[in-house]
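K.L.:
Sharing a structure, written as structure tokens. Questions coming.
Please treat every number below as a calculation from the coordinates, not as lab data. The model shown is predicted, which means the values in this text are computed figures rather than measured ones. Here the Cβ positions follow ideal geometry from the backbone for every residue, glycine too, while neighbour counts run over all protein chains shown.
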Amino acid sequence: MSQYIIDVTGENFNEAVLRNSHKGPVLVNYWSDNAGPCLRLWPVLEKLAKEYNGQFLLANIDTGKDKRLAQDYGVNSVPTVKLFIDGEVVEQIHGYDSPDSFKKLLDKYLARESDKELAAAVTLYQGGSKEAAFEQLNKLVFIDPENTRIQLTYAKLLMKEEAYQQAYSLLEKTPLKNENEEAVVLMTNALFISTAQDSPASSEVQLQLKDSPDDLTLLFQLSSHKMMQSEFSGAMDILLKIIKRDNHWRDEIASLCLRGIFIMLGRDNPLTIEYRKKLIDQQTC
């Protein structure tokens, strides 16, 4: 067995998984010897561990022997694979999946050659050479489009430069808007700020809405103004109204922004709980 594949029990879980995940990614395979899919998945994961040669640690947990470890992390069926980084679960796959799916998952978090050039671009930016930094980032987006760290970093720097629409457009073209909470928040903020800046004043928008109450553009402008004043409830009420009238309007940006607000507030925030319920009730009507 490879040195990068270990068996984990309740006795060594903290050291083998949690502490090691602060050094690098730990892929935890919850398995059982009486489940056929687990036996099919085992050689796939072993091969990946050897192929990646230490870029991640494969930790196998026999749920038949360590039921408590499975219960602690909400594992109700096997195989379940969870990726731990810095002591937290960042990704998971339930059931048997292809080697390509696991490679795609791992490659999102493992260091790539383009990360060195990304770091160099950030150093240029921090040193005041912003034009050179953005030129480098623009090249890297095309050289390694699979490295989502490039796109996120690029978008963050654009936000610093108040290029909000450009930051949104960059992320909107990537799968990040569906997969990455940080990207959703960036896109949401970029949309609200750019819309509020390019719109008439809030009072003028409200006057126009009296004559055109179903104008979705005006509604989104008003929602953006409310977000700029941290009026979360008012902003979300309007977003729900847009979703109800036309959820596909402008590539579903009202739904995207509602998700972004939920993430910003936090899942346990009373407003998040209240408006998630409103959204579900609206969708089931």
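K.L.:
For region 1-51, what does the alpha-carbon gyration tensor say about shape, rounded, prolate or oblate, given a ≥ b ≥ c as the root eigenvalues, a/c under 1.5 as rounded, and a/b over b/c as prolate?
P.N.:
oblate
K.L.:
Take the Cα gyration tensor of region 5-107, multiply each eigenvalue by 5, square-root it, and list the three semi-axes largest first, rounded to whole angstrom.
P.N.:
18, 17, 12
K.L.:
Given I280, L222, Y109, which one lies farthest toward the positive end of the charge dipole of the chain, if we put +1 on the Cβ of every Lys and Arg and -1 on the Cβ of every Asp and Glu?
P.N.:
Highest projection toward the positive end goes to I280.
K.L.:
Let me ask something else about it. Name the most mobile residue of L171, L207, L222, meaning the one with the largest mean-square fluctuation, in a Gaussian network model of the chain with Cα contacts below 10 Å.
P.N.:
Evaluated over the chain, the most mobile residue of the options is L207.
K.L.:
Another one. Just want to confirm a number: the relative contact order over the chain, from Cα pairs under 8 angstrom separated by 6+ residues, in percent.
P.N.:
This gives 11 percent for the chain.
K.L.:
Right, something else. If the reach is capped at under 18 angstrom between alpha carbons, list the aspartates and glutamates near K277, excluding any in the same chain fewer than eight residues apart.
P.N.:
D237, D268
K.L.:
If you don't mind, there's one more thing I want to ask. Can you find, among N76, H94, N14, the residue farthest towards the positive end of the dipole of the chain? Put +1 on the C-beta of Lys and Arg, -1 on that of Asp and Glu.
P.N.:
Of the candidates, N76 comes out farthest on the positive side.
K.L.:
Let me ask something else about it. Starting from the Cα gyration tensor of region 113-194, take the square roots of the eigenvalues, sort them a ≥ b ≥ c, and report rounded, prolate or oblate (rounded when a/c is under 1.5, otherwise prolate if a/b is larger than b/c, else oblate).
P.N.:
Oblate shape, in that a/c is at least 1.5 and b/c is the bigger or equal ratio.
K.L.:
Next question, about the same structure. Work out the length of the dipole vector of region 113-194 about its Cα centre, built from +1 on the beta-carbon of each Lys and Arg and -1 on the beta-carbon of each Asp and Glu, and round it to the nearest 20 debye.
P.N.:
Once rounded to the nearest 20, the dipole reads 160 debye.
K.L.:
Add -39500 (n - 2.57) for each DSSP H run of 4 or more in the chain, then divide by its residues: what number comes out at 222 nm, to the nearest 500 deg cm²/dmol?
P.N.:
Rounded to the nearest 500, it is -18500 deg cm²/dmol.
K.L.:
What's the Cα-based Rg to Rh of the chain, Rh via Kirkwood?
P.N.:
1.05
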